[in-house]
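The values are calculated or read from the model by the stated rules, or taken from the named source; none is laboratory data. Predicted model, so just to flag it, every value in this text is computed and none were measured. Cβ coordinates were reconstructed from backbone atoms using ideal geometry, including for glycine residues, and neighbour counts include every protein chain displayed. Accessible surface is based on the protein model in full, side chains and every heavy atom, while ligands, DNA and RNA are left aside. Shrake-Rupley method; radii C 1.70, N 1.55, O 1.52, S 1.80 Å.
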Amino acid sequence: PVVLVCQNNHWSISVPTSRQTASRTIAVKGRAYGIPSVRVDGNDLLAMCSVLEGAASRARRGEGPTFIEAVTYRIGAHSTSDDPTRYRTDAEVESWKKKDPVDRLARHLRWLGAIDDAWERALDGELASEIAEVVKAVEELPPPPRTSLFDDVYSEPTWNLREQRELLSRVPPAPSHG
């Protein structure tokens, strides 16, 4: 019982999905493994909820896995060393910005009369305050032990990770420049 979700953002770093695979979609790849597959507009929260609910229900009934391709778009760069202007146009990015899932849901909720400007301003203020509190609390925490970078990598650390962890624990930390 598993639901697999592939976030298809159209890019594999700087290479478009169309050049990464000969398949017409990513969803079709699940079928090659005998897994029922669905392609959904990943920028439509209601469509995503519907597909996920159906897939989770299938899994809970013991009907096996479902593979979901959520079609969306990566607006920003892949990493800090990536320059997406080298491989895509501003017009392409702008067209996808108009499909932003948060804005899209807000427009739908406005159309239903469920939210208005006052509600959004109140929510923005509440969230900004909550974020500021959490950031302040986290900034006050001491740094984690260096050896924690080995935690939660594998359920049982491999011999070489155990060895590296032990070696790191014997090396004195670099002096702080704070």
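Scanning the range 130-158 for residues that are surrounded by 10 or more Cβ atoms within 10 Å (Cβ to Cβ), among the small types (Gly, Ala, Ser) and either modelled with pLDDT of 95 or more or more than 30 Å from residue 171 (Cβ to Cβ) (or both) yields a single hit, 132. Across the range 76-97, which residue is surrounded by the fewest Cβ atoms within 10 Å (Cβ to Cβ) among those that are assigned to a helix (DSSP H, G or I) and of a type in the set (Val, Ile, Thr)? Ranking the candidates gives 85 first.
Condition test on residue 53, is it part of a helix (DSSP H, G or I), of a type in the set (D, E, K, R), open to solvent by 70 Å² or more (accessible area, probe 1.4 Å) and modelled with pLDDT of 95 or more?
Criteria met by residue 53.
Inspection of the range 64-77 finds a residue satisfying the criterion of being at pLDDT below 95 and small (Gly, Ala, Ser).
When the range 112-124 is limited to residues that are of a type in the set (Asp, Glu) and surrounded by 10 or more Cβ atoms within 10 Å (Cβ to Cβ), the one that is nearest to the chain's Cα centre (by Cα) turns out to be 124.
Within the range 109-132, residues that are within 24 Å of residue 46 (Cβ to Cβ) reach partners that are of a type in the set (Gly, Ala, Ser) with beta carbons closer than 9 Å, at six or more positions or on different chains, in the pairs 115/106; 120/106.
For the range 9-19, the condition of being surrounded by fewer than 17 Cβ atoms within 10 Å (Cβ to Cβ), over 21 Å from the mean Cα position of the chain (by Cα), modelled with pLDDT under 95 and outside any helix (DSSP H, G or I) holds for none of the residues.
Is it true that some residue in the range 36-47 is over 18 Å from the mean Cα position of the chain (by Cα) and loosely packed, with under 15 Cβ neighbours inside 10 Å?
No, the conditions are met nowhere in the range 36-47.
Can you tell me which of 105, 127, 109 is surrounded by 10 or more Cβ atoms within 10 Å (Cβ to Cβ), more than 22 Å from the chain's Cα centre (by Cα) and not polar (S, T, N, Q)? Exactly one residue qualifies, and that residue is 109.
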